[in-house]
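Visitor: Could you have a look at this structure, given as structure tokens, before my questions?
The values are calculated or read from the model by the stated rules, or taken from the named source; none is laboratory data. Source: prediction; values computed, not measured. Reconstructed Cβ throughout: ideal geometry from the backbone, glycine too, with neighbour counts over all protein chains shown.
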Amino acid sequence: MPSAVPPAPGSPESTEPETPPAPLLELRGGLPPVVDTESALAEVVEAIRAGTGPVAVDAERASGYRYSARAYLVQLRREGSGSALVDPIPFEDMAALNDAIGDAEWILHAATQDLPCLAEIGLQPASLFDTELAGRLLGYPRVGLATLVETIVGRRLRKEHSAVDWSTRPLPEPWLEYAALDVEPLIELRDALEAELEQTGKDEWARQEFEHLVTAIPKGPRKDPWRRTSGMHRARGRRALAAVRELWEARDAIAAQRDVTPGRIIPDSAIVEAANALPRDRSSLLGLRGFKGRGAQRYSSRWLEALETARDLPENELPPVAARYDGPPPPRAWADRDPVAAARLSSARSDLAVLARDLNLPVENLLTPDFVRRLMWEPPDAESHELPDTLAAGLRELGARPWQVELTVEILARAVETAPAKVAAGEEPLTPPPGEDD
């Protein structure tokens, strides 16, 4: 007879004790007041200036509610200073606070999310420590703040207010407590992660990654942002694509003027529906799926104007079906277009994945996948003995950090050198794994 499956821990049949949950993280100094006057800000500036060590920083935006990505609350904590909750809306900028922090290291979690909105109000770090990125480099399978705090600090974070409208005024006290708790454990978490980085020999990797976050040039506006309309693949033909573009741009202008997220005016699904139907009058438009809310009715004339513009465009001004892209084609097309390039990419990806597993970090942190695609599609023309150096120069130009170049350049060089022989021998290039052919 097969052996019985043991009962799950904590079930009525189980004799194993259920692991108690970690205790909740609590505010050590109580909930600080919201700083929204010049005098209160001056007090916070002096308190931060008098503190010691790094400064834990976080920001709350109103994603999903507002068009802008501005910060609606800034949280700070420093040893000797305590915690502060600053409402940035009443102030022209935070230059005085930035001066008070000076050269002190910032501690942030997922820094790329908050750095742009903090820079808008005059807060820019001289150096930083990103706890999420440190967790990735250390191979933690889940690197959300709550998970890392529970795993490393041994406390649970409340996360029930993560998706609220932070542009609300006044902010409810439970929201403020949630916000203050986000910076409460960052100093302790940072110290533990730094010690682990040093123990594993990854501290220099982290230093280079953090420096890159501080010095990286902000990305410009996305090209053809309307192509990210959800469900756009259902648009039938170039004329429908033109209608998607015109409707998206009309909605975006309204959203920017009203400072609301575009999806609250009309959803993406309504844009695609109208782009295919190309209605000519208000009743036909409002009869489509998705055109039922106040935004659909209030701006119906704008939607009809956008559709008319799309209908009247000459053929040579219609957008192409595929977006113009300055990089290589999708990897799924490589085997047909250039079998040797497909073999290069297959070999490089396979060996990079093995190395990433050995180093216990995600392969995308070992080397940005786009860098790999670009160099494997069109590697530098160089003699064999010069190839590693030319590939290294290419990686640096793309933005790879020195530690990444050092660890990966030989893998890329080997992929370039061996691909022609593999193709000649009839070895099939591997099909790109799902999600890697973008």
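Visitor: Which residues, taken from segment 177-197, are within 16 Å of Thr151 (Cβ to Cβ) and part of a helix (DSSP H, G or I)?
Guide: Leu186, Glu188, Leu189, Arg190, Asp191, Ala192, Leu193, Glu194, Ala195, Glu196, Leu197
Visitor: When you go through Ala192, Ala206, Ala250 one by one, which is the residue that is farther than 30 Å from Asp326 by Cβ, more than 23 Å from the chain's Cα centre (by Cα) and small (Gly, Ala, Ser)?
Guide: Ala192
Visitor: If you don't mind, there's one more thing I want to ask. Name every residue in segment 147-176 that is assigned to a helix (DSSP H, G or I) and touching a helix residue (DSSP H, G or I) at 6+ places or on another chain (Cβ under 8 Å), in order of residue number.
Guide: Once the filter is applied, which keeps residues that are assigned to a helix (DSSP H, G or I) and touching a helix residue (DSSP H, G or I) at 6+ places or on another chain (Cβ under 8 Å), segment 147-176 yields Leu148, Val149, Ile152, Val153.
Visitor: Shifting gears a bit: When you look at Gly220, is it surrounded by 13 or more Cβ atoms within 10 Å (Cβ to Cβ) and under 30 Å from Ala62 (Cα atoms), yes or no?
Guide: no
Visitor: Anything in segment 303-322 that is outside any helix (DSSP H, G or I) and of a type in the set (A, V, I, L, M)? List them, or say none.
Guide: Leu313, Leu318, Val321, Ala322
Visitor: Given the criteria of a type in the set (D, E, K, R), outside the structural domain of Gln208 (by TED's automatic domain parsing), surrounded by fewer than 14 Cβ atoms within 10 Å (Cβ to Cβ) and not in a loop (DSSP other than H, G, I, E, B), does Glu406 qualify?
Guide: Yes: the conditions hold for Glu406.
Visitor: All but one of (1) under 18 Å from the mean Cα position of the chain (by Cα); (2) surrounded by fewer than 18 Cβ atoms within 10 Å (Cβ to Cβ) hold for Arg158; which doesn't?
Guide: (1)
Conditions (1) touching a residue at least 40 places away in the same chain (Cβ under 8 Å); (2) in a helix (DSSP H, G or I); (3) over 18 Å from the mean Cα position of the chain (by Cα); (4) crowded, with 21+ Cβ neighbours inside 10 Å, marked per residue:
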| position | (1), (2), (3), (4) |
| --- | --- |
| Pro90 | yes, no, yes, no |
| Asp93 | no, no, yes, no |
| Ala104 | yes, no, yes, no |
| Pro125 | yes, no, yes, yes |
| Phe129 | yes, no, no, yes |
| Ala134 | yes, yes, no, yes |
| Arg142 | no, no, no, no |
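Visitor: Identify, from the list Thr229, Thr147, the residue that is more than 22 Å from Arg77 (Cβ to Cβ), of a type in the set (S, T, N, Q), surrounded by 13 or more Cβ atoms within 10 Å (Cβ to Cβ) and at pLDDT 95 or above.
Guide: Going through Thr229, Thr147 in turn, the sole match is Thr229.
Visitor: So, in segment 46-75, how many residues would count as being farther than 17 Å from Glu120 by Cα and either in the same structural domain as Arg264 (by TED's automatic domain parsing) or buried (at least 21 other Cβ atoms within 10 Å of the Cβ) (or both)? Write out each step before concluding.
Guide: Residues of segment 46-75 that are farther than 17 Å from Glu120 by Cα, as a first pass: 46-56, 64-65.
Filter again for either in the same structural domain as Arg264 (by TED's automatic domain parsing) or buried (at least 21 other Cβ atoms within 10 Å of the Cβ) (or both), leaving 48, 54-56.
Qualifying residue count, segment 46-75: 4.
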